[in-house]
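Here the structure is laid out as C-alpha cells; the discussion comes afterwards.
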Amino acid sequence: MMMQDAVGMDCEMVGVGQGNKSALARVSLVNKWGNVIYDEFVRPMERIVDYRTKISGIRPQDLRKAKDFCTAQKKVAELIHGRILVGHALSNDLKALLLSHPKKDIRDTSEYPPFLRSSGRVALRHLASEHLGAKIQSGEHCPVDDARAAMMLYQRNRKEWEKCVKGKFRKQKKRKKNKDAKE
C-alpha cells in the first residue's frame, strides 16, 4: 500500500473508569484521497462505563475482537511518522492515543484561521456542510467520514494553508534567532 505525504485521522472515544474519562475505542486513518489505510476498534485498558453510542457509534460487540491499545498505538505511530497529520481537534485524538506529533506537521481544521469564527472554533460538521456541501455527524459519528471530511477541507485549502504554516514557522525561527543573539 502506497503512503502519501498527508494522513487524515479521527478517533472515537468511550467513557472509562470512575470519572467516565475518555478512552480510545476506534481509530481511523485515510490517505490524501480519502481511502482508508487503517480502521480499527481498540480495547480500552480500563473498564468501560459509558459506550457513548449516540455519538461514538461504539457498541459492546464492536470491542469483542478489538485490537489491544498498544498494538493500535504502535501501528498509528508508524503510519503518521514523518507525515502531515490532518484532522479536527487533533490534540484530543493524540491524547487518547498517548502519542505526540511535531506541531509543524499538524493541520488541524479546528485551528486553521480561515475556518475560525469570532466566537472561536467551528464544529467539523458545520465546516463540512459550509465548505464541502457534505452532511456528516447527523447522529452517530463515523471516524472514517470525519477523517475524510478533514482531509478534503485540507486538500481544498492546501496551497494557502501551507503558505500560512511556512510563514508562521519562519517567524518563530526568526524570533528565536533574535532572542539567542541578545543572550
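The values are calculated or read from the model by the stated rules, or taken from the named source; none is laboratory data. Source: prediction; values computed, not measured. Ideal geometry is used to build each Cβ from the backbone, glycine not excepted, and the neighbour counts take in all protein chains shown.
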Options Gly139, Gly120: the member that is under 25 Å from Gly57 (Cβ atoms) and modelled with pLDDT under 90
Gly139
So which of Ala150, Ala123, Ala128 is touching a Gly at 6+ places or on another chain (Cβ under 6 Å), under 21 Å from Met13 (Cβ atoms) and of a type in the set (A, V, I, L, M)?
Ala150
Just give me the residues in segment 101-150 being among the polar types (S, T, N, Q) and either in a loop (DSSP other than H, G, I, E, B) or in contact with a Cys (Cβ under 8 Å, 6 or more places away or on another chain) (or both), in sequence order.
Thr109, Ser110, Ser118, Ser119, Gln137, Ser138
Here, strands (runs of 3 or more DSSP E) confined to segment 14-59 with at least 1 residues that are over 16 Å from Val76 (Cβ atoms) and within 19 Å of the chain's Cα centre (by Cα) are 21-30
Which of the residues belonging to segment 87-107 are surrounded by 15 or more Cβ atoms within 10 Å (Cβ to Cβ) and either of a type in the set (Gly, Ala, Ser) or within 13 Å of Val165 (Cα to Cα) (or both)?
Gly87, Ala89, Ala96, Asp105, Ile106, Arg107
Conditions (1) of a type in the set (Gly, Ala, Ser); (2) under 16 Å from the mean Cα position of the chain (by Cα); (3) at pLDDT below 95 -> Ala77 fails only (3)
Residues satisfying the stated conditions in segment 61-90, i.e. in a helix (DSSP H, G or I), more than 10 Å from Val7 (Cβ to Cβ) and touching a residue at least 12 places away in the same chain (Cβ under 8 Å):
Asp62, Leu63, Phe69, Ala72, Gln73, Lys75, Ala77, Leu90
Among the candidates Lys95, Lys182, residue that is modelled with pLDDT of 85 or more and of a type in the set (D, E, K, R)
Lys95
